[in-house]
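Participant: Below you will find the structure I want to go over with you.
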Amino acid sequence: MLRPATTDDIFVIRDLAHAIWWAHYPDIISPEQITYMLNLMYSPDALHRQMTEEGVQFWLVKPDTMPVGFIAVGSKGSGSYFIHKFYLQKTEQRKGLGSTTFHAMLEQYPDLQELRLTVNRLNFKSINFYFKIGFRIESCIDVPIGNDFIMNDFVMLWRR
């Protein structure tokens, strides 16, 4: 179900991100912001830095075939973790794979007590999915990310 990704998987993750974002985000954020954020977070250099310097562990979903998504998790210490990225191809959504992936990820972190993530406040489909698996909204944040773009997000919390 999940396989730890390595720097050898950077181009697979980049390609998945581009396909998933262009299928999902045009109704939520502008094409200019999508392009900017993909370049900011999913360039080979950015992915390499996240994996090797920032302590973010990427996991490929369904790695026995061509991966259909990925999840990226970082430790915040003392059983607290953060989901930086959680994406599945649109064709794989609404089949139970998201919930299965989430629970498979939890098994990788036995000390996990709480988990946070951020999600765009207009990303209703994802917000509803996170509610379904037990997250709740903790706060609202507006984060400038450069180039006059702002991420208007909910911070969501899940506790064991």
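Since every read-out is calculated from the coordinates, none of them should be taken as a lab result. Since the structure is predicted, the reported quantities are computational estimates derived from the model, not experimental observations. Reconstructed Cβ throughout: ideal geometry from the backbone, glycine too, with neighbour counts over all protein chains shown.
Participant: Ordered by packing density, taken as the mean number of other Cβ atoms within 10 Å over each peptide's residues, highest first, how do 89-95, 145-151 rank? Intermediate values should be presented prior to the final figure.
Facilitator: Working: 89-95: 13.9, 145-151: 12.3.
Top of the packing list down: 89-95, 145-151.
Participant: If you don't mind, there's one more thing I want to ask. Take the Cα radius of gyration of the stretch 2-112 and divide it by 2.2 N^0.38 Å, with N its residue count; two decimals is plenty.
Facilitator: This ratio for the stretch 2-112 stands at 1.05.
Participant: Now for a separate question. In deg cm²/dmol, rounded to 500, what helix-only [θ] at 222 nm does the chain give when every DSSP H run of at least 4 residues adds -39500 (n - 2.57) and the total is split over its residues?
Facilitator: -10500 deg cm²/dmol
Participant: Another question, if that's okay. Name the residue farthest towards the positive end of the dipole of the chain from the options 48, 98, 154, assuming +1 on Cβ of Lys and Arg, -1 on Cβ of Asp and Glu, about the Cα centre.
Facilitator: 98
Participant: Check cross-link reach from residue 132 to the lysines: straight Cα distance under 23 Å, and skip same-chain residues fewer than eight apart.
Facilitator: 62, 85, 90, 95
Participant: Please state the relative contact order of the stretch 47-160 as a whole percent: Cα pairs under 8 Å, 6+ residues apart?
Facilitator: 19 percent
Participant: Then there's this: Please give the length that would be gained between residue 40 and residue 90 if that part of the chain were fully extended, namely 0.36 nm times their separation in residues minus their C-alpha to C-alpha distance (nm, one decimal).
Facilitator: 15.8 nm
Participant: Do you know the relative contact order of the stretch 2-112, to the nearest whole percent, from alpha carbon pairs under 8 angstrom that are 6+ apart?
Facilitator: Here the relative contact order equals 27 percent.
Participant: Let me ask something additional. To the nearest µm²/s, what D does Stokes-Einstein give for the stretch 101-160 at 10 °C and 1.306 mPa s, using the Kirkwood radius over alpha carbon pairs as Rh?
Facilitator: On the way: Rh = 12.6 Å.
The estimated diffusion coefficient comes to 126 µm²/s.
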